[in-house]
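The values are calculated or read from the model by the stated rules, or taken from the named source; none is laboratory data. Predicted model, so just to flag it, every value in this text is computed and none were measured. Neighbour counts are summed over all protein chains in view; Cβ atoms, including those assigned to glycine, are modelled from backbone coordinates with ideal geometry.
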Amino acid sequence: MQHVTVPQDRIGVVIGAGGETMREIEERANVRLDIDSESGSVAIEELDDPVAALVAPDIIKAIGRGFKPETALSILDHDLRTLDLIDLSEHTRNDNDLQRKKGRIIGENGRTRELIEELSGANVVVYGSTVGAVGQPEELEVVRRAVGMLLDGAPHGAVYSYLERMSNELDDDVSFNAPQ
């Protein structure tokens, strides 16, 4: 049995309307969830598919870090699709610095976060003191690098150039590896 703690304001999202999201996670990941809505603790019990059950904690964590349930469940759709969390508090000195750096990652009206998402191919969420990404390993590497550049103070233009270059490389890899 595994345990994941979900922020109080996200427990309702894990449960879903009438328990719908919880039932879908249980069904698709082949687990049983025991959710304590007071503490935010989610106990995950494996039923009979250990591989799917290994992914269940990441699905719960992804929802807890601000992803929509559909995006979190997409982790089950492909063997290499995973959740990656970047802890911003490791890169900041205090709360003001955290807010400033989150603002750099989100960008004006959310445009920088959207571009990171669009050009990397990964789903990206900024929540609390983390940046979460759900995607393939090469997509997650692009997100991690772009966020790192922003945290290090790189100009947004340089980050956008990097993202466009990597997007073209990822597109070339996909078309190169596509069946003829």
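Points worth noting:
- Residues of region 20-38 that are modelled with pLDDT under 95, more than 12 Å from I60 (Cβ to Cβ) and not acidic (D, E): R28, N30, S37.
- So K102, is it among the basic types (K, R) and buried (at least 18 other Cβ atoms within 10 Å of the Cβ): yes
- Candidates A62, A43, A52, A56 - the one that is small (G, A, S) and out of contact with any strand residue (DSSP E or B) (no Cβ under 7 Å at 6 or more places or on another chain): A52
- Residues that are farther than 22 Å from H91 by Cα and surrounded by fewer than 18 Cβ atoms within 10 Å (Cβ to Cβ) within region 121-136 comprise just one, Q136.
- Within region 1-36, considering residues that are surrounded by fewer than 17 Cβ atoms within 10 Å (Cβ to Cβ) and among the acidic types (D, E), the one farthest from D49 (Cα to Cα): D9
- From the options T82, T21, residue that is among the β-branched types (V, I, T), touching a Gly at 6+ places or on another chain (Cβ under 8 Å) and on the phi < 0 side of the Ramachandran plot: T82
- Considering region 91-111, and only residues there that are within 16 Å of the chain's Cα centre (by Cα) and in contact (Cβ under 8 Å) with a residue 24 or more places away in the chain, the residue that is farthest from V6 (Cα to Cα) turns out to be I105.
- L80 vs. criteria within 22 Å of V124 (Cβ to Cβ) and loosely packed, with under 13 Cβ neighbours inside 10 Å: yes
- One residue from L88, L80, L76 being closer than 18 Å to K61 by Cα, under 15 Å from the mean Cα position of the chain (by Cα) and at pLDDT 95 or above: L88
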